[in-house]
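Since the structure comes first, as structure tokens, the remarks are kept for the end.
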Amino acid sequence: MSDSPAPLADPHLVFDPVAGVRDVVILGSTGSIGTQAIDLVLRNPDRFRVTALSAAGGRVSLLAEQAHRLRVRTVAVAREDAVPALREALAAHYAPGETLPDVLAGPEAATQLAASDCHTVLNGITGSIGLAPTLAALEAGRTLALANKESLIVGGPLVKALAEPGQIIPVDSEHAALFQALASGTRAEVRKLVVTASGGPFRGRTKAELADVAPADALAHPTWAMGPVITVNSATLVNKGLEVIEAHLLYDIPFDRIEVVVHPQSYVHSMAEFTDGSTIAQATPPDMRGPIAIGIGWPERVPDAAPAFDWTKASSWEFFPLDNDAFPAVGLARHVGQLAGTAPAVFNAANEECVDAFLNGTLPFNGIMETVTRVVEEHGTPRTGTSLTLTDVLEAETWARARARELTAQTTTAEARA
């Protein structure tokens, strides 16, 4: 066994296991992860009970419907201006005499829920705004089913300082796959981690061929149905770069032993190669309910959580090397991951701003990574070490967002003059 500290996500360790029905808080309940998690819970009422839900506030009717079906105690919205519409929607779904859930509102509402009385917090929020709820759940001693990769990326040192070994169960399909594959041996026996990528809608195109792609093209993912930001991140492969950083933080494997390979079918979700030459791959048809079930149910598996393969039908599985010239995001992510400190927060925040600009038609596709690279370079030496605070991370993000917007505006102005 290795003498180094246990990884944050370790299938050999189970944080605070319990028998019977498990109380779960779902953050981001109206998004893709949240809605699939609720489907899983409703099909397994003998295993899970949802006590609270949070959402941004843009889909209050759906949130009210979820609250009523699950009979939750509390609902929360980040937007305070959504409260009147939410209360109206709740009144429409609940019969007279039924007890309505408590309503929390504001930027800190999800963080409050993350620390509430439950066994597991499923963080399905998109973006780095998920960091504060992640920290709150860990500090409160909850098991954290983590779909919000950005909170680990931008707040790695803060998360690692709070998390007990095995307290985090990853929900990303790639990291849920690695989590399961790594159960086959000790960490000292791991030679490398292999993270698979579908290649997105632009697999096989050169950098020159990507110059004029439109937002609609980038949003047409061939395998997964996801939100717009994550879908564009899959097109640029920023998503895969973030997953490389996440794998390093979760499993304490050096960056030079984490590889990315393109696998268009998205059947093999990732692999662990061991020192004896064996490679353990985790494979299922593309469906996020499987990783979600691992996240909220581990160490037990949830029967029929997701479809299995039909082995009576022929299929072909392909693997290709990554084109780092056309898709430089993975290499840049490795760089910022090795810099550590505030560098990953700068990378992530600049990317989010650039994706917004691309979707709004004010930045070309290749301009996303060109701008992010420049912001990272201008950031210089990141703030690191044990003195790193949440304020440091948030200030770095604020600077990166502002600088990315400035550079995007310069690009737009230059193109208008051309």
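The table below gives the values:
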{"item": "Residues (surrounded by 14 or more Cβ atoms within 10 Å (Cβ to Cβ), on the phi > 0 side of the Ramachandran plot and either assigned to a loop (DSSP other than H, G, I, E, B) or touching a residue at least 40 places away in the same chain (Cβ under 8 Å) (or both)) located in region 198-213", "result": "Gly199"}
{"item": "Among the residues listed as Gly130, Gly124, the single one being touching a Ser or Thr at 6+ places or on another chain (Cβ under 6 Å) and closer than 24 Å to Glu395 by Cα", "result": "Gly130"}
{"item": "Matching residues in region 175-215 - criterion: being of a type in the set (Ser, Thr, Tyr) and over 23 Å from the mean Cα position of the chain (by Cα)", "result": "Ser184, Thr186, Thr206"}
{"item": "Set Thr412, Thr408, Thr391: member being at pLDDT 75 or above, closer than 16 Å to Val355 by Cβ and either of a type in the set (Val, Ile, Thr) or surrounded by fewer than 12 Cβ atoms within 10 Å (Cβ to Cβ) (or both)", "result": "Thr408"}
{"item": "Search result, residues across region 263-300 that are out of contact with any Phe, Trp or Tyr (no Cβ under 9 Å at 6 or more places or on another chain), at pLDDT 95 or above and in a loop (DSSP other than H, G, I, E, B)", "result": "Thr275, Asp276, Gly277, Ser278"}
{"item": "Check on Ser4, at pLDDT 95 or above, among the polar types (S, T, N, Q), farther than 22 Å from Ile292 by Cβ and not assigned by TED's automatic domain parsing to the domain that holds Ile253", "result": "no"}
{"item": "Those residues of region 103-119 which are touching a residue at least 60 places away in the same chain (Cβ under 8 Å) and surrounded by fewer than 24 Cβ atoms within 10 Å (Cβ to Cβ), in sequence order", "result": "Ser116, Asp117, Cys118, His119"}
{"item": "Criterion: at pLDDT below 95 and out of contact with any Gly (no Cβ under 9 Å at 6 or more places or on another chain) - qualifying residue of Gly156, Gly127", "result": "Gly127"}
{"item": "Filter pass, Phe48 being of a type in the set (Phe, Trp, Tyr) and out of contact with any helix residue (DSSP H, G or I) (no Cβ under 9 Å at 6 or more places or on another chain)", "result": "no"}
{"item": "Within region 307-418, helices (runs of 4 or more DSSP H) holding 3 or more residues that are β-branched (Val, Ile, Thr)", "result": "365-379, 390-417"}
{"item": "Positions within region 21-50 being within 23 Å of Leu135 (Cα to Cα) and assigned to a loop (DSSP other than H, G, I, E, B), in sequence order", "result": "Gly28, Ser29, Thr30, Gly31"}
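The rows are residues; the columns are (1) out of contact with any helix residue (DSSP H, G or I) (no Cβ under 6 Å at 6 or more places or on another chain); (2) at pLDDT 95 or above; (3) surrounded by 13 or more Cβ atoms within 10 Å (Cβ to Cβ); (4) not assigned by TED's automatic domain parsing to the domain that holds Gly199.
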residue: Ala326; (1), (2), (3), (4): yes, no, yes, no
residue: Gly331; (1), (2), (3), (4): yes, yes, yes, no
residue: Arg334; (1), (2), (3), (4): no, yes, yes, no
residue: Thr342; (1), (2), (3), (4): no, no, yes, no
residue: Gly361; (1), (2), (3), (4): yes, no, no, no
residue: Met369; (1), (2), (3), (4): no, yes, yes, no
residue: Val372; (1), (2), (3), (4): no, yes, yes, no
residue: Val375; (1), (2), (3), (4): no, yes, yes, no
residue: Thr386; (1), (2), (3), (4): yes, no, no, no
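The values are calculated or read from the model by the stated rules, or taken from the named source; none is laboratory data. Because the structure is a prediction, the values reported are computed rather than measured. FYI the Cβ positions are ideal-geometry reconstructions off the backbone, even for glycines, and counts take in every protein chain you see.
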